[in-house]
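FYI, it's all coordinate maths here, none of it is from the lab. Note that the structure is predicted; figures quoted are calculated from it, not measured. Reconstructed Cβ throughout: ideal geometry from the backbone, glycine too, with neighbour counts over all protein chains shown.
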Amino acid sequence: MKRTFTCVLCPNGCDIEAELENGQVLGVEGNLCPKGKEYVTQEVVDPRRTIATSVPIEGGEIPLVSVRVTQPIPKGRIFDVMKAINQVRLQAPVHIGQVILPNVLGLESDVIITKEVKSVQGQ
C-alpha cells in the first residue's frame, strides 16, 4: 500500500510517498534528505508529538504560564498527558526550564515552564 507524508523535520517540507506493508516501511521516494525516511518510519512505527499548553498560576503578573514537554511523547498518550497537565496549579514566581511534572506518566519526558512569571508585589 502506498501512503503520502509531508515531512516536518526540515524546512524542505518534502512530500514523501512510502510503500508500506504490515506496519513496515518498505521504501520511500521524494525525500530530499535522509531525515525524510527517518520521519516516515517514525510516523508508521511509533508516531510521537510534542505538547505546548498553559497552566494557571496564582499570585503572578499573568494568570497563565506556558509549558511544554521536553521530548515527543507517543501520539496515543496526548490526552493522558494533557489530563495530568490540567491538574497542575502553580504559585508565582516560576522560571524558564523549571520542571513541573518530571517524567510525566513514565514517558521519559518532563513538563517544563517556558516563561518567567514574577510574583505580584504584596501577594
Just to be sure before I move on: is Arg89 over 14 Å from Glu116 (Cβ atoms), surrounded by 15 or more Cβ atoms within 10 Å (Cβ to Cβ) and among the charged types (D, E, K, R) in the structure I sent?
no
Take the conditions assigned to a strand (DSSP E or B) and either of a type in the set (Lys, Arg) or out of contact with any Asp or Glu (no Cβ under 9 Å at 6 or more places or on another chain) (or both) and apply them to Val81. Does it pass?
no
The residue from Val67, Val44 that alone is closer than 28 Å to Lys118 by Cβ, within 23 Å of the chain's Cα centre (by Cα), of a type outside the set (Lys, Arg) and surrounded by 15 or more Cβ atoms within 10 Å (Cβ to Cβ) is Val67
Candidates Glu108, Glu58 - the one that is under 30 Å from Asn22 (Cβ atoms) and over 11 Å from the mean Cα position of the chain (by Cα)
Glu108
All positions within the stretch 19-35 that are farther than 15 Å from Lys2 by Cβ and not aliphatic (A, V, I, L, M):
Cys33, Pro34, Lys35
Does Lys2 satisfy the condition of being surrounded by 13 or more Cβ atoms within 10 Å (Cβ to Cβ) and of a type in the set (Lys, Arg)?
no
Looking at Ile16, Ile100, Ile96, which is the one that is over 30 Å from Thr4 (Cβ atoms) and surrounded by 16 or more Cβ atoms within 10 Å (Cβ to Cβ)?
Ile100
